[in-house]
Structures are given as structure tokens and as C-alpha cells.
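Okay, structure first, notes after.
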């Protein structure tokens, strides 16, 4: 059983669609920690929690076997996510939370893998200098967002190289490319950079880049119920797959299956390592063999 530390802020999210409006806990830390636990890891979540965080939300995470180590904060990070009929998501920041989350090097050293998954720049920049396990993943999302209330604003990831140096996996989305690497993913694959870069593109599939080649992984055609958190699920699943010894293609197959199951339900209700998961992996593998692309350097 791998030991995994997830570092990032929990968020209070309001999800709006044409049919409904609901509040729930979210953030990459939420999706990554539960995903890792369901895939068999022993998980510790390092986060920050304000008095506005409903206790049932924390109990939900703990019920998955996740140990929560939380810093006190005057408030939680809050988002309003409006899911539009054309597939777009419009986001507003209603609360930025409190002091940066930090973890000392001794605590990190006890883990086999670490996933750094901020949503709004809430992880202490000094953490970039902490020596992490060789199986470490970083998600670009929270590094390319301005830490301010109002309409969600993007910014350039100025210290990207410090955060990604020597990491196993860097995950980013289509929206984050311009702010992370000027649309040139190959520029991230420096000798000291991440070993693997995963670019997820929602229903358009994903690209996986390594120093040995690039791969396109098609997605399955499904009826999307809720795609919030799918990128986090993909990233965490891929990191654990790489840690287990799978190659990048096999890891992307498993990650795509996990993200697909997530999108087919609300929250993480369908994400379980059962027969449905294995069937989705089989379907993704078949689609890759038929429609995927592989380019070796």
C-alpha cells in the first residue's frame, strides 16, 4: 500500500446548472485524496480549514480512510461554478482563504508519493524548495490563478521550473497552457524538468509527453453529468499508475477510465476500482489502439 500525501486547499463550492444549485466540498485536494484512497493508497491530506467548513464534509473525507492534517484558517477558499449548456464552466472566487499551507521536509520524507494540488495559490511558495519523493506530482491549476476575489483571473506561472524540477508528473489543462509554458509543452521537458507531462482536454482526450515521445489518448463518448474534478482524478490516478510501474500509455489509459467514471456521475459517486472501472479501461485501451497516436522521438 503506497503512502501518499496530498497538499492543497479544500474549497466550498457552489455548483449551478440550468436545473439545480447545490453546495459541496471541492478542490484538487478533495478529489485527489479520495481518488488515491479508493485506489488503495494510505493517504494524508495536508490542507487548511476555516470555521465555515461544515464538519460533515470533513467526515466524508475521513470516512474514505484519509487522515486530515489541517492548518487553521479564518475562512475556506470559496468558488461559484456555473456549468453552462455548451460545456463551459464560469467561475467566481467568493473567498480566498487564509495563510499559505506549508509542510516541513521531515513530514514529507515519510511518504512514497506527494501530490501538490493548489486551487488558488494557497500552497507556500517555499515548498518548491522542499525535497519531495521521486514520485511527486504537481498540478498547474492553482499556480496560474490570481489569489483574489471576484471573477477568476489568470496569471503567468513565473516559478514553474522550481516547482516542476525533478517531479514525476506535471498535469495541466488546455486553459492553463498559455500561462504555464506559452503553448510549448516541449519546453517543459528540460533535463531537470518533470519526467511526464499530461495535458487533459476534457471531452477532447489528453496528450502525454515524455522525453521519449508524445502520445494522444482519446476520450470515450459519454453523457457527462458533472465534470468538476475530472482533471484532478486523472492526475492522481496517473501518478499512482506511474508509481506502480505502468508505462505512460498504460497510466493514461487508467487515468482516462477514472476521469470518465467521474464525469458520468455527481462528485465521485461512480469512481470505484471495480468491474465498471476495468471495463472502462478496456474500452479506453481499444479506442487508443484504434484512434490514438504515438510519436517517438
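FYI, it's all coordinate maths here, none of it is from the lab. In this text, all values refer to a predicted model and were calculated from it rather than measured experimentally. Note that each Cβ is placed from the backbone with ideal geometry, even for glycine, and that neighbours are counted across all protein chains shown.
Nearest 5 is fine: what % of DSSP beta bridges in the chain come out antiparallel, could you say?
45 percent
For 102, 117, which order do you get if you count the other beta carbons within 10 Å of each Cβ and list the fewest first?
Fewest-to-most ranking of 102, 117: 102, 117.
Between residue 63 and residue 174, 0.36 nm times their residue separation minus their Cα-Cα distance comes to what?
36.6 nm
For region 89-151, report the convex hull volume of the alpha-carbon atoms normalised per residue, in Å³, without decimals.
Value for region 89-151: 95 Å³ per residue.
Rounded to whole Å, give me the distance from the Cα center of region 131-174 to that of region 1-38.
Region 131-174 and region 1-38 have Cα centres spaced 17 Å from each other.
Once Rh is set to the Kirkwood radius over Cα pairs, what Stokes-Einstein translational diffusion coefficient, in µm²/s, holds for region 49-140 at a temperature of 10 °C and a viscosity of 1.306 mPa s?
Numbers: Rh = 15.4 Å.
Answer, rounded: 103 µm²/s.
Can you work out the FRET efficiency for the pair residue 203 and residue 55, with r the C-beta to C-beta distance and R0 = 41 Å, to the nearest 0.05? Mind dumping the intermediate values first?
Details: r = 36 Å, r/R0 = 0.87.
Efficiency for this residue pair is about 0.70.
Which of 189, 242 has the fewest other C-beta atoms within 10 Å, and how do the rest follow up to the most? Walk me through the numbers on the way to the answer.
Details: 189 20, 242 24.
Ranked by crowding around the Cβ, least crowded first: 189, 242.
Could you give the length gained on full extension between residue 247 and residue 224, defined as 0.36 nm per residue of separation minus the Cα-Cα distance, in nm?
Numbers: separation 23, 0.36 × 23 = 8.28 nm, distance 2.81 nm.
Extra length from residue 247 to residue 224 when fully extended: 5.5 nm.
Nearest 0.05, what FRET efficiency do residue 211 and residue 289 give at R0 = 25 Å with Cβ-Cβ as r?
Computed FRET efficiency for residue 211 and residue 289: 0.60.
Let's test this: bin the Cα-Cα distances of region 104-207 at 5 Å from zero up to the farthest pair and state each bin's percent.
Cα pair-distance distribution for region 104-207, in percent: 2, 12, 23, 25, 19, 11, 6, 1, 0.
Based only on Cα atoms, what mean projected area does the convex hull of the chain have, in nm²?
Projected over every direction and averaged, the Cα hull of the chain covers 14.1 nm².
With both partners inside region 149-297, how many of the DSSP beta bridges are antiparallel, as a percent to the nearest 5?
Numbers: 14 of 19 bridges.
Within region 149-297, antiparallel bridges account for around 75 percent of the total.
Mind giving me the FRET efficiency for residue 159 and residue 94? R0 is 25 Å, r the Cβ-Cβ distance, nearest 0.05 is fine. Walk me through the intermediate numbers first.
Working: r = 27 Å, r/R0 = 1.07.
Efficiency computed from Cβ-Cβ geometry: 0.40.
Given the rule -39500 (n - 2.57) for each run of at least 4 DSSP H residues, summed and divided by the residues of the chain, what is its mean residue ellipticity at 222 nm, to the nearest 500 deg cm²/dmol? If you can, show how the numbers build up before the last one.
Working: 8 runs with 80 residues, N = 297.
Value at 222 nm, helices only, nearest 500: -8000 deg cm²/dmol.
How would you order 40-49, 64-73 from highest to lowest mean count of nearby Cβ atoms within 10 Å?
The packing order, highest mean first, is 40-49, 64-73.
Hey, what does the equivalent ellipsoid look like for region 168-262, semi-axes from the Cα gyration tensor as sqrt of 5 times each eigenvalue, largest first, whole Å?
They are 21, 16, 11 Å, listed largest first.
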